[in-house]
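What follows is a single structure, written as structure tokens, with notes after it.
The values are calculated or read from the model by the stated rules, or taken from the named source; none is laboratory data. Computed from a predicted structure; not experimentally measured. Please note that ligands, DNA and RNA were not included when accessible areas were found on the heavy atoms of the full protein model with its side chains. Shrake-Rupley method; radii C 1.70, N 1.55, O 1.52, S 1.80 Å.
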Amino acid sequence: MDYIRTLFAPETPAMQHARDAMTDPNDQISVMAEEGKLLQLLIRMNNIRRIVEIGTLGGYAALWMADALQDGGEIITIEKDSARASRAALNTAHDPRIRLLTGDAKDILPTLSGSFDMVFIDADKISYPHYLDWAEAHVRTGGLIIGDNSLLFDSVWHDQPVERVRPTARDAMRTFNRRLADPARYQSILLPTGEGMTIGLKLF
Ligand SMILES: C[S@@+](CC[C@H](N)C(=O)[O-])C[C@H]1O[C@@H](n2cnc3c(N)ncnc32)[C@H](O)[C@@H]1O
């Protein structure tokens, strides 16, 4: 992984700073550098200009995505936890393409207007089907809907319950993946990154 990260996914100083600022073990839940680079590639390949990220943490993934945007592009990123949002605000203050909204995504999403090219879902797992409902209504045909942590500690494919994953969260993630796996609606895959990342190109 060091070889890949050094050669293909070197972090900018701002990304390094955002990662270094995640000192609390509970906060070590950002995407990895190679996943950030994958998001950049997807953004460039699909002419993505308007992005919503649900779950900011320290702004690490937002920094990766912003660096792939063409002129005029923007990321709206939503974080519920006020301490995390304050840290993300500091980490992303230099980048006018990143607009941070603090609050529960379930309250903020209905206030967003217009159409989006991509939604990156990376927040409370039990709400993934709800976020998918919103994304399906607001992402253009040919846009991307991406969900991180979609293997949910491998609980989605285990028959038996997996420690630290509530059955309700596992069921929600299974629903999310099943909906995105529908070939009539999406060109899609669940990539086996460390935590799993489901990527769907919206066909409808
Ligand atoms: C996995 S982290 C996000 C990591 C970030 N996308 C990155 O890769 O840098 C999940 C974040 O979602 C936030 N979150 C959880 N539920 C939320 C909700 N209902 N609305 C907004 N944010 C939420 C958590 O506070 C946490 O910071």
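Computed with the Debye formula from one identical point scatterer per Cα of the stretch 30-125, without solvent, the log10 of I(q)/I(0) at q = 0.23 Å⁻¹ comes to -1.25.
Surface composition of the chain: carbon and sulfur make up 55 percent of the accessible area, probe 1.4 Å. Heavy-atom accessible surface of R166, to the nearest 10 Å², is about 150 Å², with a 1.4 Å probe and all protein chains retained. A straight line joining the Cα centroids of the stretch 163-178 and the stretch 86-108 runs 27 Å. More than 20 Å apart: what percent of Cα pairs in the chain qualify? Here the tail beyond 20 Å accounts for 55 percent of pairs. Evaluating kT/(6 pi eta Rh) at 10 °C and 1.306 mPa s, with the Kirkwood radius of the stretch 69-111 over Cα pairs in the Stokes-Einstein relation, gives 144 µm² s⁻¹. On a per residue basis, the chain carries 49 Å² of accessible surface, using protein heavy atoms and a 1.4 Å probe. Once the gyration tensor of the Cα atoms in the stretch 72-191 is diagonalised, the equivalent ellipsoid follows with semi-axes of 26, 19, 12 Å, ordered largest first. Among T12, T23, T193, the largest mean-square fluctuation in a Gaussian network model of the chain, built with springs joining Cα atoms closer than 10 Å, belongs to T23.
Using a Gaussian network model of the chain in which every pair of alpha carbons under 10 angstrom is joined by a spring, one finds that among E34, E53, E163 the greatest mean-square fluctuation is at E163.
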